[in-house]
Amino acid sequence: MSTTAEHSLRIGEVAELTGTTPRTIRYYEEIGLLGGAEDRAQGKHRCYTGADIERIKEIVRLRDLLGLSLEQLSKLLDAESARAELRREYHQADDPATRRRILEQSLGHIATQLELVRCRRRELEQLEAELVAKRERVHELVQALDR
């Protein structure tokens, strides 16, 4: 979808497009996952852009995929935003030393993202191991009954 500033949407429309609720969108703004709450006066309607819609979709995708807490999700998205800014800087830079500095900063943000994903993966692997052990125990109990 290519929503531009000329074609901005109201919160109900955005909620429908992103599979969320207006309350969820307002909450994401309040906790800083989605910018813009400070850009409008109290009681005024906020209009959302295509970039806002994409950000909400990414928040929902990562929330559902990784099962991260909102704090962890915020860290992950902050690192992604920082990387996007570094990409812009990189493409504008001509100096190799500046490009190196930008790439090294990007590596730090990627490390943060990887650690969050790996932590979640370890938690899932632990849960899987526990369930496999429980299944094995139940199989043993069933076999004991058959003797």
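Values quoted throughout were computed directly from the atomic coordinates according to the rules given, and no laboratory measurement underlies them. Computed from a prediction, not measured in an experiment: that's the story for all the values here. As a convention, Cβ positions derive from the backbone with ideal geometry for all residues, glycine included, and neighbour counts pool all protein chains shown.
A few remarks follow.
- Unique residue being acidic (Asp, Glu), assigned to a helix (DSSP H, G or I) and farther than 26 Å from ILE56 by Cβ when the list is GLU115, GLU104, GLU80, GLU85: GLU104
- Among the residues examined, ILE59 does not qualify as surrounded by 12 or more Cβ atoms within 10 Å (Cβ to Cβ) and in contact with a strand residue (DSSP E or B) (Cβ under 9 Å, 6 or more places away or on another chain).
- Residue match in the stretch 66-80 (condition: over 16 Å from LEU33 (Cβ atoms) and surrounded by 10 or more Cβ atoms within 10 Å (Cβ to Cβ)): no
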